[in-house]
Amino acid sequence: MAEDEDQEIAAALAKLTEQDAAVAEDARAALDWIAGEPGRVFITQERIQGFCWYELPMKWFVDLDEKLRVVAALAEALDLLQLSRYAAICRSGTTREILNAYEVSTAHGKAALSQAAAASGITPPDLPDFEGRPARRKSCEPISMSRRPDCSGRRWPR
């Protein structure tokens, strides 16, 4: 299955290469960073946002114009993979604002990232007033030395 998914990425990159080899190389680098060997199955909204909003500005030592080219190339590849919602994240004003904020300072970038991540709705909010009880685990109680522990909640027949 992962092999088929890698073939989908390879086909998308081949199509991009026919149009513009530089765009395809940028897209390949971004997809390798996001998905790695597992391929398309690892492309999620969380990973796209993490790449565009944190990893690209903090870990890729390229200028702003290059970062914008990378997210544009990634968006084109995601469109070819029929992941248009993720492509929209790459093209969004939010992504551009975050990348610009990192150019001011790391603190500005991280503040913009935090605000955008909270607004995206994929990360549950902190619930300061929520206090849950600790989860209770059933302990495995040995029935006897000659039998296996009972972890199912039912007892072995005697």
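The values are calculated or read from the model by the stated rules, or taken from the named source; none is laboratory data. Treat the numbers as computed from the prediction; the structure is a model and nothing was measured. Please note: Cβ atoms are built from the backbone with ideal geometry, for glycine as well, and neighbour counts cover all protein chains shown.
Among the numbered conditions (1) under 28 Å from Q7 (Cα atoms); (2) at pLDDT 95 or above; (3) out of contact with any Gly (no Cβ under 9 Å at 6 or more places or on another chain), tell me where K110 comes up short. With respect to (1) under 28 Å from Q7 (Cα atoms); (2) at pLDDT 95 or above; (3) out of contact with any Gly (no Cβ under 9 Å at 6 or more places or on another chain), K110 is out only on (1). For F130, the conditions (1) aromatic (F, W, Y); (2) modelled with pLDDT under 90; (3) surrounded by 11 or more Cβ atoms within 10 Å (Cβ to Cβ) are fulfilled apart from (3). Residue check: is R96 over 22 Å from A21 (Cα atoms), touching a Leu at 6+ places or on another chain (Cβ under 9 Å), surrounded by 13 or more Cβ atoms within 10 Å (Cβ to Cβ) and modelled with pLDDT of 95 or more? Judged against the criteria, R96 is a match. Scan the stretch 1-16 for residues that are over 14 Å from A87 (Cα atoms), surrounded by 14 or more Cβ atoms within 10 Å (Cβ to Cβ) and in contact (Cβ under 8 Å) with a residue 60 or more places away in the chain and jot them down. E8, I9, L13, L16, listed by residue number. Going by what's in this entry, would Q115 be described as among the polar types (S, T, N, Q) and in a helix (DSSP H, G or I)? In short, yes. Taken over the stretch 63-85, residues that are β-branched (V, I, T) and touching a Lys or Arg at 6+ places or on another chain (Cβ under 9 Å) amount to 1. Within the stretch 17-50, the residues that satisfy the criterion of being closer than 20 Å to R96 by Cα, assigned to a helix (DSSP H, G or I) and without any contact (Cβ under 8 Å) to a residue 60 or more places away in the chain are V23, D26, A27, A29, A30, L31, W33, I34, R47, I48, G50. Scan the stretch 57-93 for residues that are surrounded by 14 or more Cβ atoms within 10 Å (Cβ to Cβ), touching a residue at least 40 places away in the same chain (Cβ under 8 Å) and assigned to a helix (DSSP H, G or I) and the total you get is 13.
Which residue out of G121, G153 is exposed (fewer than 10 other Cβ atoms within 10 Å of the Cβ), on the phi > 0 side of the Ramachandran plot, modelled with pLDDT under 60 and of a type in the set (G, A, S)? So that I can check it myself, show each step before the final result.
Values: G121 fails: modelled with pLDDT under 60.
From the options G121, G153, the qualifying one is G153.
Among the numbered conditions (1) touching a Phe, Trp or Tyr at 6+ places or on another chain (Cβ under 9 Å); (2) at pLDDT 95 or above; (3) crowded, with 17+ Cβ neighbours inside 10 Å, the only one that A35 does not meet is (2).
Within the stretch 44-56, the set of residues being exposed (fewer than 15 other Cβ atoms within 10 Å of the Cβ) and either of a type in the set (A, V, I, L, M) or over 16 Å from Y86 (Cβ atoms) (or both) is empty.
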